[in-house]
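Everything below concerns the one structure shown next.
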Amino acid sequence: KSLARPAGLGAGSVRTSGSQVGTTDANASDGLDEVGLMKRVGGNPELAGELAGIFLEDLEPRVTDITDAVNELDAKRLMAGAHALRGSAGSLRAEIVAEAAGVLEAMGKSGELGRVQGALSALTFAIGKLRPRLVLLPGLA
């Protein structure tokens, strides 16, 4: 399966062998920089799907740990959990999730948790936008 740009798609768009269209814009509605991900995996869509599958498997326990840390106002645990999620999301080029996790990580590091519920909501929203896109990657669909 190779990536090709059909006529009519802009330079920032790609089309996989299926009908899904991705974008280089990490601020796209799903938050996935698919072009960046494909570069990271050497153009191998199956490897991209495998990475997405691993990310999705680990996602629920990571989010549960972060949520528990927020509810318990455990700054150290929040920092560690959010750091792990930020790293895995960044590796997948899920930039909006990585950003939201980074905000929580910074809050945990500083110990200033006054706005942590809002930051957790932002992370949950970003994950909700990303998850449906990841399951469409080759090997997961």
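Under the classification rounded if a/c is under 1.5, otherwise prolate if a/b is larger than b/c and oblate if not, where does segment 46-89 fall, given a ≥ b ≥ c as square roots of the Cα gyration tensor eigenvalues? In terms of gyration-tensor shape, prolate.
Listed by chain and number, the aspartates and glutamates whose C-alpha is less than 13 Å from the C-alpha of Lys109, apart from same-chain residues fewer than 8 away, are Asp74.
Our coupling estimate for segment 41-58, obtained by passing each phi through the Karplus curve with A = 6.51, B = -1.76, C = 1.60 and θ = phi - 60°, is 9, x, x, 8, x, 5, 5, 4, x, 5, 4, 4, x, 5, 4, 5, 4, 7 Hz, Gly and Pro reported as x.
The simple spin-label model puts a point 7 Å past each Cα toward its Cβ; for Asp58 and Val135 those points are separated by 2.1 nm. Arg77 label point, 7 Å along Cα→Cβ, cut-off 20 Å on backbone N: hits in segment 86-102? Once the point is set 7 Å along Cα→Cβ of Arg77, 86-87, 101-102 turn out to lie under 20 Å by backbone N, inside segment 86-102. Ligands, DNA and RNA left out, the accessible area of segment 39-141 computed with a 1.4 Å probe is 56% carbon and sulfur. Take the Cα of Ser29, step 7 Å toward its Cβ, do the same at Gln117, and the gap between the two points is 3.0 nm.
Determine the shape class of segment 20-141: with a ≥ b ≥ c the square roots of the Cα gyration tensor eigenvalues, call it rounded for a/c under 1.5, and otherwise prolate if a/b is greater than b/c, oblate otherwise. Could the numbers behind the result be given before it?
Numbers: a/c = 2.32, a/b = 2.08, b/c = 1.12.
Judged from the Cα gyration tensor, segment 20-141 comes out prolate (a/c at least 1.5, a/b above b/c).
3J(HN,Hα) couplings calculated from phi for segment 80-97 with the Karplus curve 6.51 cos²θ - 1.76 cosθ + 1.60 (θ = phi - 60°) are, in sequence order, 5, x, 5, 4, 4, 5, 4, x, 5, 5, x, 4, 7, 6, 8, 5, 5, 5 Hz; Gly and Pro show x.
The values are calculated or read from the model by the stated rules, or taken from the named source; none is laboratory data. No experiment lies behind these values; they were computed from the predicted model shown. Cβ atoms come from the backbone with ideal geometry, glycine included; neighbour counts cover every protein chain shown. Just so you know, the surface numbers come from the protein's heavy atoms only, side chains and all, with ligands and any DNA or RNA stripped out. Shrake-Rupley method; radii C 1.70, N 1.55, O 1.52, S 1.80 Å.
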